[in-house]
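Report on the following structure.
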Amino acid sequence: MNYDLSTLGLSEEELFSRVEHDDSDSEKIAAPRYSYWQSVFRVFFKNKVNIFVLSVLAVLVLFAYIYPMFTTYDKFHALLDPTAKHLTPAQAIEKYGFQLKWILGAGNAGQSTFDAVWNGARISITLAAVCAAINMTVGVVIGAIWGFSKKVDAFMIQVYNIIGNIPYILFISVMIMLFAPSFWTMVLALTATGWLAIAYFIRTQVIIIRDREYNLASKCLGTSTFKIAMKNILPFMTSVIVTQLATEIPSYISYEVFLSYIGMGISDMSLGRLIFESEGAMLTPGWGFEFWSPVVVASIITVVLYVVGQSLGDASDPRTHM
C-alpha cells in the first residue's frame, strides 16, 4: 500500500534524517558494568554472620588501638601498695570505684588487667600485621615468578628443599636467642624464611594456570615473565591470596603467644608476655582473671581474624558473584 507523504504536512528534512555511523560503537559491549571489588563486598555483606564477625573485629581493633590513647597504662601502678595487688574485679572496683579499667581486676603489681590486655593486644596485632605484609608481599611476588619461570623453578626448588625442611619454630627460637628479644627481632625471625612456604604455595597454584592460552599468547608476543606473572596470573588468584592471608595473620599471633609463653618471646608486654608472666596466677583462687583475660582475648582475636579472612576469601572468588 502506498502513502502520499505530502498529506502529512511535513518536509523531507523533518521526515527523514541522516544516521551518523561511528566505527567505535561496534566495540562497545551492551552489558551491565561489572565492578569486581563491588561484587566482592556485596557477596561478603550479604551474609549476616560476616557483618557480626566484622563488627566484633572492629570492636577489638578499637580497644587495641584507640582505647590506649585515652588511658595511661603503668605496669607498676601500685607496686609499693600490697593491698592493690592481685585484686579480683569486685575488689578492684570496691577500692577504686567503678571504672572500665578495673572490670578485670588488678595484676601482680597493682596494674589494671584490662589496660594490660589491650596494650598487649595492640603489640600482638601490629606484629602479626607487619609480618603478614612482608611475608605475603615477598612470597606472592617470588611465588608467581617461581611458578612461571622454569629456570627459576629449578633453583628455588632446591632452596625450598633445604630451608623448608628446617623446623620453623626451631629457626625462630635460634634467631631470638642470637639477638635481643625485641619487637623487630621477632619480625626478623618470622619473616626471614616465613615467605618461603607462601611462595611455594603460590608457585603450585601458578603452575596450574601458567600454560593457559592467554599466557602462551602473551609469551609469544614477547611479554616479559615478570609482567605476565603480575598482570595475567596474580589477579586471577586474588581469592587464593586472600584465603592464604586469612591463615597467616592469626598464625603469627599464635607464634608470638606460644614463644612468649615458653619464655622466648619479645620483651614488650604483648599478649604472650602477659600470659607468661601471669602463669602462676592460673590456679590461684581469685587470681584467675590475670591469666585467663589475655588468653581469652588472644583466642577471640585469632578466631575472628581467621573467620573474616576466610569469608573475604570466599567472597573474592568470582564464581560466587553470580
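The values are calculated or read from the model by the stated rules, or taken from the named source; none is laboratory data. What you see is a predicted model, and the numbers here were worked out from it, not measured in a lab. A quick note on method: Cβ atoms are made from the backbone with ideal geometry, for glycine too, and the neighbour counts reach across all protein chains shown. Surface areas here come from the heavy atoms of the whole protein model, side chains and all, with no ligands, DNA or RNA. Shrake-Rupley method; radii C 1.70, N 1.55, O 1.52, S 1.80 Å.
What the Cα atoms of the chain give is an Rg and a Dmax of 29.4, 112 Å.
Take the solvent-accessible surface of the protein heavy atoms, probe 1.4 Å, and return the percent of it on the chain that carbon and sulfur atoms account for. Ligands and nucleic acids excluded, carbon and sulfur give 65 percent.
In this calculation the C-beta distance from residue 154 to residue 303 is compared with R0 = 56 Å, giving a FRET efficiency of 0.85. For the options 224, 299, 260, a Gaussian network treatment of the chain with springs between C-alpha atoms closer than 10 Å singles out 224 as fluctuating the most. The radius of gyration of the Cα set in the stretch 98-247, together with its Dmax, comes out at 21.0, 72 angstrom. Among 87, 188, the order of accessible area from largest down is 188, 87, computed with a 1.4 Å probe on protein heavy atoms. Approximating the spin labels as points 7 Å out from Cα along Cα→Cβ, the residue 85-to-residue 36 distance works out to 5.9 nm.
Normalised radius of gyration (Cα atoms, divided by 2.2 N^0.38 Å) for the stretch 23-164: 1.79.
Principal-axis analysis of the Cα atoms of the chain puts helix 48-61 at an angle of about 50° to the longest axis.
Do the sum for the chain: with -39,500 (n - 2.57) for every DSSP H run of n ≥ 4, divided by all residues, what is the mean residue ellipticity at 222 nm, to the nearest 500 deg cm²/dmol? Walk me through the numbers before you get to the answer.
Working: 14 runs with 194 residues, N = 322.
Value at 222 nm, helices only, nearest 500: -19500 deg cm²/dmol.
Relative contact order (percent) for the stretch 106-229, with alpha-carbon contacts under 8 angstrom and 6 or more residues of separation? Each step should come with its number before you reach the end.
On the way: 88 pairs, mean separation 46.2, N = 124.
The value is 37 percent.
Could you work out the relative contact order of the stretch 30-132? I mean the mean sequence separation of Cα pairs under 8 Å and 6+ apart, divided by the number of residues, in percent.
Numbers: 100 pairs, mean separation 24.4, N = 103.
After rounding, I find 24 percent.
In this simple spin-label model, placing a label point 7 Å from the Cα along the Cα-to-Cβ direction at both residue 219 and residue 52 gives a separation of 4.9 nm.
Across all Cα pairs in the stretch 182-322, the calculated P(r) in 10 Å bins from zero up to the longest distance comes to 10, 27, 27, 18, 11, 5, 1, 0 percent per bin.
For residue 108 and residue 226, the difference between the fully extended length at 0.36 nm per residue and the C-alpha to C-alpha distance is 36.9 nm. Computed on the stretch 79-118, the Cα convex hull volume stands at 51 Å³ per residue. Over the chain, Cα pairs under 8 Å with separation of 6+ residues give a relative contact order of 23 percent. Extending 7 Å from the Cα toward the beta-carbon at both residue 62 and residue 126 defines two label points whose distance is 2.1 nm. Entry comment: accessible area of the chain is 58 Å² per residue, from protein heavy atoms only and a probe of 1.4 Å. Identify which of 248, 256, 277 has the largest mean-square fluctuation in a Gaussian network model of the chain, with springs joining Cα atoms closer than 10 Å. Result for the chain, Cα springs under 10 Å: 277 fluctuates most.
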